[in-house]
Amino acid sequence: MALASSPHVVEVEGEAVLLRPTLRCALRLARLGLPTVFRGVAEGSLSTMADVIREGSDRLTHVPALLREIEQEGAQRLDHLRAPLMAFLADLTGADERRGKPKAEAEKPKPDVLVTYEQFFVELFEFATGNLGWTPDQAWIAHPAEIAAAQRGRMALLRSIFGSGDQADEKPKGNLAQQARNAMAILGGTTVKRSDMKAAA
């Protein structure tokens, strides 16, 4: 996930909607099934696009209801929405970050533990409100990458003060970017092996 990413805007029948990649949006879409969401947008499903716009919009908008009406009528496709919505999902989930680490930075293999998308986003919320001391409102409106970066900074500070230890080395259990890439690659399943994961964003 990239920090300070560019704004995401979609336009439907003259109304421009600003989409914000927040933790709240990520968790709600994860509950719908991120592989299903990615596939639905890629295939031009207006109801799926409506879900993404509803969860990602920075304000109330009639666009999701309009998309569902258009889909029911079956008279129109809005293919121009696919690219910006896929870009928004890629930003939200970290699928747009660079692929893998240099070999010198490779991590030691970890046991195969399956972590769902939803579990990982919940863990980010727990880190933000527990370890970082953010309010729930601050955590919900933050980009997942911001929470992950703040957590790394916090752990680095603790290591510099107290030295390395099991507590200081804790990281979110999942890897948002790898999960998103897997979702778009296989468009199925809701879990990923721990050995396929690296540090979050």
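The values are calculated or read from the model by the stated rules, or taken from the named source; none is laboratory data. All figures in this text were calculated on a predicted structure; none of them were measured in a lab. Neighbour counts run over all protein chains shown; Cβ positions are idealised from the backbone, glycine included. With ligands, DNA and RNA removed, areas are computed over all heavy atoms of the protein, side chains included. Shrake-Rupley method; radii C 1.70, N 1.55, O 1.52, S 1.80 Å.
When you filter the trypsin sites (Lys or Arg not before Pro) in segment 1-65 for DSSP loop state and at most 15 other Cβ atoms inside 10 Å of their Cβ, you are left with R59. In order along segment 15-29, the Karplus-derived 3J(HN,Hα) couplings, from 6.51 cos²θ - 1.76 cosθ + 1.60 at θ = phi - 60°, round to 9, 8, 10, 8, 9, 10, x, 9, 4, 4, 4, 4, 5, 5, 5 Hz, and Gly and Pro are given as x.
Is segment 1-71 best put as rounded, prolate or oblate by its Cα gyration tensor, with a ≥ b ≥ c the root eigenvalues, rounded for a/c under 1.5, and otherwise prolate when a/b is larger than b/c, oblate when not? Because a/c hits 1.5 or more and a/b fails to exceed b/c, segment 1-71 counts as oblate.
The length gained by stretching the chain between I141 and S47 to full extension, at 0.36 nm per residue less their Cα-Cα distance, is 31.4 nm. Spatially, segment 13-48 and segment 79-93 are offset by 8 Å when compared through their Cα centroids.
Close amide H contacts of L19 (hydrogens built in the peptide plane, cut-off under 5 Å, sequence separation of 5 or more or a different chain): H8, V9, V10.
In terms of accessible area, using a 1.4 Å probe and ignoring ligands and nucleic acids, M86, M155 rank largest first as M86, M155.
Annotation for V122 and L60: the two label points, set 7 Å from Cα along the Cα-Cβ direction, are 3.0 nm apart.
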